[in-house]
Amino acid sequence: MATSYRVPFVDPRKHYQRIKSEVDSAISDTLAAGDLVLRRQLADFERRLAEYVGTKYAVGVASGYHALHLSLLALGVGPGHEVITVGHTFVATVSAIIHAGASPVLVSVGEDYNMDVEALAEAISERTRAIIPVHLNGRLCAMDRLQALARQHGIAIIEDAAQALGASFHDRMAGSFGSAGCFSFYPFKALGGIGDGGAVTTDDPVLARTVTLLRFNGEDRETAELHAHGYTASLDNVNAATLDVKLRHLPRWIEHRRALAKRYRAALSGVGDLRLPHFDGTTHVDSFQNYVIRTSRREALREHLFDEGIETLVHWPKPMWEHKALGLDDPRLPETERICREVLSLPMNAELTPEQVDIVTSSIQEFFAQS
Ligand SMILES: *Cc1c(COP(=O)(O)O)cnc(C)c1O
């Protein structure tokens, strides 16, 4: 079935074909020059990424997970500290906290799937050392209220912006609000690499330097002095060269996603019991990493779409704490549990056509009309 979807969730082959010549030259030029590890192409990409996000620095790392983990370490987060994040996120957000030696405190999300600021306020304790708001699906959290709270309590913010490169709030880009912004270039993110990759953005020269040391086994490459027990976690140079090519296209790809989101919205408003994602408002520009709808009949709808040749995904089918091996306490977040039962991610990517969106929306209308 996977190869015969009429509307696949993502289409990596089509994505490559449309930029093939540029990507091929970036890769072959980089390989021909023997530029494999921490070379000019990485520095160029980091400079351009920082400029795009609006920070002084960007440091390429091996993944979004590493961006989070190294940011926590660079801020001195460790054993005895609590880090507040949301229960409704990708597991890597929480694994980074655990691997830093700190305790995750999971709070609820609001209607837009982002951190509930009141829940955050209640969760702050003497031991809270950092907050990780997650800008889910390409929509920013209420950063004004989050920053006010963090400032009042003297707590650092690390943004999990893995799904939000190019999205903004009050004209400021994701990744430019916190002490650190964490990005992922996992192949199916809006800016996807040829394998795993990530970056930390920051205005803080000390944080940028610490992450730069930690990603390369703690070594200062100029002096060979080892400053810490670090990690082998830099962003591959060949990957950086392709990301640099793709970053130039990203603004147009995001415009395309936004146009598709509008099309979904126009066709699906008022259909069945569907709840559709927010669209902008006066404060946000959303990048639509995912287009997530909500319905009490999720499983039946998903099956219907599958039968119609439409691929959908569920982010995520059960709350993290129900995966017993993770050893997480049940944070008692009934709304997050409901979300896990009700959300469905529809096809959304830069290669998706308006006609494919129409196939999806007609199938959904048909499903709700039949029953
Ligand atoms: C993708 C993602 C990550 C982790 O990124 P990787 O590059 O896969 O390690 C972290 N948080 C969120 C919200 C993500 O979507």
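The values are calculated or read from the model by the stated rules, or taken from the named source; none is laboratory data. Since this is a predicted model, take the numbers as computed values, not measurements. Heads up, the Cβs are rebuilt from the backbone with ideal geometry, glycines too, and the neighbour counts pull from every protein chain shown.
Brief remarks follow.
- Restricting the range 74-83 to residues that are within 12 Å of residue 129 (Cβ to Cβ) and more than 15 Å from the ligand (Cβ to nearest atom), the residue that is surrounded by the fewest Cβ atoms within 10 Å (Cβ to Cβ) is 79.
Yes or no, residue by residue, for (1) surrounded by fewer than 17 Cβ atoms within 10 Å (Cβ to Cβ); (2) under 19 Å from residue 274 (Cβ atoms):
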site	(1), (2)
326	yes, no
335	yes, yes
351	no, no
365	yes, yes
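- Qualifying residue in the range 70-82 (condition: in contact (Cβ under 8 Å) with a residue 60 or more places away in the chain and closer than 15 Å to residue 197 by Cβ): yes
- Residue that is assigned by TED's automatic domain parsing to the domain that holds residue 149, within 15 Å of the ligand (Cβ to nearest atom) and of a type outside the set (A, V, I, L, M, F, W, C), where the choices are 64, 110, 101, 34: 64
- Single match in 118, 111 (criterion: out of contact with any Ser or Thr (no Cβ under 8 Å at 6 or more places or on another chain), at pLDDT below 95 and more than 25 Å from residue 63 (Cα to Cα)): 111
- Qualifying residue in the range 23-39 (condition: outside any loop (DSSP other than H, G, I, E, B), out of contact with any Ser or Thr (no Cβ under 6 Å at 6 or more places or on another chain) and among the charged types (D, E, K, R)): yes
- Residue match in the range 169-179 (condition: touching a residue at least 40 places away in the same chain (Cβ under 8 Å), within 12 Å of the ligand (Cβ to nearest atom) and among the basic types (Lys, Arg)): no
- Checked against (1) crowded, with 24+ Cβ neighbours inside 10 Å; (2) in contact with a strand residue (DSSP E or B) (Cβ under 6 Å, 6 or more places away or on another chain); (3) farther than 24 Å from residue 53 by Cα, residue 106 passes all but a single condition, namely (2).
- Counted residues, the range 212-230 - those being closer than 30 Å to residue 24 by Cα and either surrounded by fewer than 16 Cβ atoms within 10 Å (Cβ to Cβ) or within 16 Å of the ligand (Cβ to nearest atom) (or both): 2
- If the condition is being polar (S, T, N, Q) and either under 18 Å from residue 343 (Cβ atoms) or touching a Gly at 6+ places or on another chain (Cβ under 9 Å) (or both), then the range 270-305 contributes 287, 289, 290, 295, 296.
- The single condition among (1) exposed (fewer than 14 other Cβ atoms within 10 Å of the Cβ); (2) without any contact (Cβ under 8 Å) to a residue 60 or more places away in the chain; (3) not basic (Lys, Arg) that residue 314 does not meet is (1).
- Where helices (runs of 4 or more DSSP H) fall wholly inside the range 264-371, the ranges with 1 or more residues that are within 23 Å of residue 252 (Cα to Cα) are 354-370.
- Residues being more than 14 Å from the ligand (Cβ to nearest atom), under 22 Å from residue 142 (Cα atoms) and buried (at least 22 other Cβ atoms within 10 Å of the Cβ) - total across the range 180-211: 2
- Yes/no for residue 183 being under 22 Å from residue 56 (Cα atoms) and touching a residue at least 40 places away in the same chain (Cβ under 8 Å): yes
- Exclusive hit being more than 15 Å from the ligand (Cβ to nearest atom), without any contact (Cβ under 8 Å) to a residue 12 or more places away in the chain and out of contact with any helix residue (DSSP H, G or I) (no Cβ under 8 Å at 6 or more places or on another chain), set 151, 129: 151
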